[in-house]
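What follows draws every value from the coordinates through simple rules; no lab data is involved. Since the model is a prediction, treat every value here as computed from it, not as a measurement. Counting neighbours? That spans all protein chains shown, and the Cβs are built from the backbone with ideal geometry, glycine included.
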Amino acid sequence: MEDIPAFKKANRELWNHWSALHPKSSFYNNEAFLKSQMALHPIELELLDDIQNKDVLHLQCHFGQDTISLKTVGARSVTGIDFSKEAINQAKSLAGTCGIHATFIERDVLDVDQKLEETFDYVFASYGVVGWHHSAAAWMDAAFRYLKPGGRLVLVDFHPLLWILDDKFNQIKYPYFNTGVIKEERVGSYASDEAKKMVNYTWNHSLSELIQPILSDSNRNLLLLSEYDWSPYKLFTATEKIKGKYQIKGKEGLLPLVYALKAKKIK
């Protein structure tokens, strides 16, 4: 029987619960997605401008909207990995409804499938990703193991500066640096008010902690690091939409909300 750490078991239970609710949420708007089969935003699309006819792996794919979108923009093959059984079942169902051939695998992203090592031209992940893991270095190591020589990693995520603030973005509540696990209990999820009260465990990772695993490895090359003062998603109650972009009310343009990086595996 798999020996699952308590924090990972709790997070998996949370994501199984959320994954049963999110496909029906207005946040994900599956009805519109079925028509367009596109959920990627301008930030990601700009970084993925050369994935045509490439084999792409999507880490922490949730219920598959972005994975399917990668196929829409020209990927040769798409594979999604997520540790939530419910998310993978929902992703397979969505791909079937869309008529898209995609492979979905139930697996912890840090537990690298050796059969798939060095088989992908691109590894992609976005929004709310690395913070669910205790080590940014472990996450990066896993991502690079899946890449072919010459392959590229694209990661787009919420800026770590955001996670030091309270839900109203009024005051500093958490450390910027990774000083240990953060245990929280919440009712509802970012996409569904129906989610029941559950405990989750996350870790804050500074920008340097995220990029150092790339810079310190001679077999990895950081191609791009960008920061954005807006988010494509509403963040708690503290943001408002301005010309299609969410910014912090009263602090527009003052703080980074999203970062993006692109890196290459040399050999």
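Could you point to the label whose value was computed as Kirkwood radius over Cα pairs in Å for the structure here, given (i) 20.9; (ii) 19.6; (iii) 19.0?
After the calculation, the listed value that fits is (iii).
Once phi is turned into ³J(HN,Hα) by the Karplus curve 6.51 cos²θ - 1.76 cosθ + 1.60 with θ = phi - 60°, what whole-Hz value does each residue of region 205-222 show in order, with x for glycine and proline?
Result, rounded to whole Hz: 10, 5, 4, 5, 5, 6, 9, 4, x, 7, 5, 8, 10, 5, 8, 10, 10, 6.
Would you mind telling me which residue in Leu70, Leu207, Leu57 has the biggest mean-square fluctuation in a Gaussian network model of the chain, where springs connect alpha carbons within a distance under 10 angstrom?
Ranking Leu70, Leu207, Leu57 by mean-square fluctuation puts Leu207 first.
Using DSSP to define loop residues, name the trypsin sites (Lys or Arg not before Pro) in region 119-214 whose beta-carbon has at most 14 other beta-carbon atoms within 10 Å.
Lys168, Lys173, Lys196, Lys197
Between region 61-129 and region 1-48, how many Å separate their Cα centres?
Computed from Cα coordinates, the inter-centre distance equals 11 Å.
Relative contact order for the chain using alpha-carbon pairs under 8 Å, separation at least 6, rounded to a whole percent? If you can, show how the numbers build up before the last one.
Values: 534 pairs, mean separation 47.5, N = 267.
Dividing the mean separation by the residue count of the chain yields 18 percent.
Using modelled amide H (1.01 Å from N, peptide plane; none on Pro or chain starts), what sits under 5 Å from the amide H of Ala195, excluding residues fewer than 5 places away?
Close amide H contacts, sequence-distant or interchain: Gly188, Ser189.
With a 10 Å Cβ neighbour count serving as the proxy for reagent exposure, in which order, fewest first, do Arg107, Arg76 appear?
Neighbour counts put them in this order, fewest first: Arg76, Arg107.
Quick one: what are the phi-derived ³J(HN,Hα) couplings along region 5-13, Karplus 6.51/-1.76/1.60 with θ = phi - 60°, whole Hz, x for glycine and proline?
x, 4, 5, 6, 4, 5, 5, 5, 4
When the helix-only estimate is applied to the chain (DSSP H runs of n ≥ 4, each -39,500 (n - 2.57), divided by the residue count), what is the mean residue ellipticity at 222 nm, nearest 500 deg cm²/dmol?
Working: 7 runs with 71 residues, N = 267.
Result for the chain: -8000 deg cm²/dmol, rounded to the nearest 500.
Order by neighbour count: Phe104, Phe63, Phe27, fewest other Cβ atoms within 10 Å first, most last.
Ascending number of Cβ neighbours within 10 Å: Phe27, Phe104, Phe63.
State the extension gain, in nm to one decimal, for the chain segment bounded by Leu45 and Ile172, taking 0.36 nm per residue of separation less the distance between their alpha-carbons.
Here the segment from Leu45 to Ile172 would lengthen by 42.5 nm.
Would you mind ranking Asp49, Asp121 so that the residue whose beta carbon has the fewest other beta carbons within 10 Å leads the list?
Asp49, Asp121
Starting from the 7 Å offset along Cα-to-Cβ, what nm value, one decimal, do you get for the label separation of Val199 and Ala32?
Simple spin-label model gives 3.7 nm for this pair.
What dipole magnitude, in Debye to the nearest 20, does the chain give about its Cα centre under +1 on Lys/Arg Cβ and -1 on Asp/Glu Cβ?
For this selection, approximately 280 debye.
Quick one: which residues, 5 or more positions from Gly80 or on another chain, have an amide H under 5 Å from its amide H? H modelled 1.01 Å from N in the peptide plane, none for Pro or chain starts.
It is His58, Thr103, Phe104, Ile105, by chain and number.
Compute the length gained on full extension between Glu185 and Ser226: take 0.36 nm times their separation in residues and subtract their Cα-Cα distance, giving the result in nm to one decimal.
11.6 nm
Once amide H atoms are placed 1.01 Å from N in the peptide plane, what residues at a sequence separation of 5 or more from Val258, or on another chain, have their amide H within under 5 Å of its amide H?
His159, Tyr228, Trp230
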